[in-house]
Protein chains: 2
Amino acid sequence: MSDLAAALDIVGARWALLVVERLLDGPQRYGDLQRNLGVPTNMLATRLRELEAAGVLTRLPLRHNTRAYALTDRGLALREAIVALGRWGAEEA
Amino acid sequence: MSDLAAALDIVGARWALLVVERLLDGPQRYGDLQRNLGVPTNMLATRLRELEAAGVLTRLPLRHNTRAYALTDRGLALREAIVALGRWGAEEA
DNA sequence: ACGTCACACTTGCATTTTGCAAGTGTGACC
DNA sequence: GGTCACACTTGCAAAATGCAAGTGTGACGT
């Protein structure tokens, strides 16, 4: 499997990169991600679980039953790729 | 829709970026892509159609019923993003 | 103590996407 | 005229995604 395929295995699923992009601005709570991205709640839960398992993000416990999601170093390392893809997407056809 | 979401709308589908990566080495024929990537044939056909419609690649007619797929400038502009993602994928957990 | 509320999910089911396997059409070549 | 390589298409099963409604937990007001 190529390096690219390995990367896509982790962040290639729908919504995954968008979640990571959002977290580049700092830790966010579940509800914030949901509202800002418009992602279905079950998909968000699934992606957060997968990305945590892959070591891309961690859960930070906040007060009682609320927590925040924050990127790990491995997650932050996606910034370059995300910026590059974003720039490509911004260029008009 | 964010720039990243716009990009993923075009190259976010499964196999799409892997096809483009393969074409970064130069034009390839259908059968070559299929064998090198291990992508199901109907998916490859679908992706090539979508990527062509999006202006990422073009068909070059070769002899009789064979053709090659080559990246357009817009497709080549994905190199930076693909390299960045590949580098990320290469880093071990 | 009790009801209510926000928050972070889970669950059930329809829709869409993906994958596998087999088949089709076309032109070259023998 | 038969066979072959090539580039697909088609039919159907499996998996991912999406929508809507429900669950559990702890804080907070009364």
Can you tell me the orientation of helix B:79-90 relative to chain B, as the angle in degrees between its alpha-carbon axis and the longest Cα principal axis, to the nearest 10? 60
Can you work out ³J(HN,Hα) from phi for every residue in the stretch B:47-63, in order, using Karplus 6.51 cos²θ - 1.76 cosθ + 1.60 and θ = phi - 60°, giving whole Hz and x for Gly and Pro? 5, 5, 4, 5, 5, 5, 4, 7, x, 7, 9, 9, 9, 9, x, 10, 5
For the B:ASP25, A:ALA53 Cβ pair and Förster radius 35 Å, calculated FRET efficiency rounded to 0.05 is 0.60
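Which value, in Å to one decimal place, does the Kirkwood hydrodynamic radius take for the stretch A:48-93 when every pair of different Cα atoms is included?
This gives a value of 12.3 Å.
How big is the Kirkwood radius of the protein assembly as shown, worked out from every pair of different alpha carbons and given in Å to one decimal?
Working: mean 1/r = 0.0574 Å⁻¹.
By the Kirkwood definition, the hydrodynamic radius is 17.4 Å.
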For chain A, which longest stretch is free of loop sites, where a loop site is one of the GluC sites (Glu not before Pro) that DSSP puts outside H, G, I, E and B and that has at most 13 other Cβ atoms within 10 Å? A:1-90
What are the nm distances, shortest first, from A:ARG35 to its equivalents in the other copies, labels at 7 Å along Cα→Cβ? 5.5
Whole angstrom only: what separates the Cα centroid of the stretch B:46-72 from the Cα centroid of the stretch A:36-70? 39
May I ask you to report, in nm to one decimal and beginning with the shortest, the distances from B:ARG14 to the same position in the other copies, taking label points 7 Å along Cα-to-Cβ? 1.2
Shortest first, in nm, what separates the label point of A:GLU52 from those of the same position in the other copies (7 Å along Cα→Cβ)? 4.5
Along each of the three principal axes of the Cα atoms of chain A, give the extent in whole Å, ordering the values from largest to smallest. 45, 31, 23
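Read-outs throughout are calculated quantities, based only on the coordinates presented, and are distinct from any laboratory measurement. Nothing here was measured: the structure is a model prediction, and the numbers come from that model. Virtual Cβ from ideal backbone geometry, glycine too; neighbours counted across all protein chains shown.
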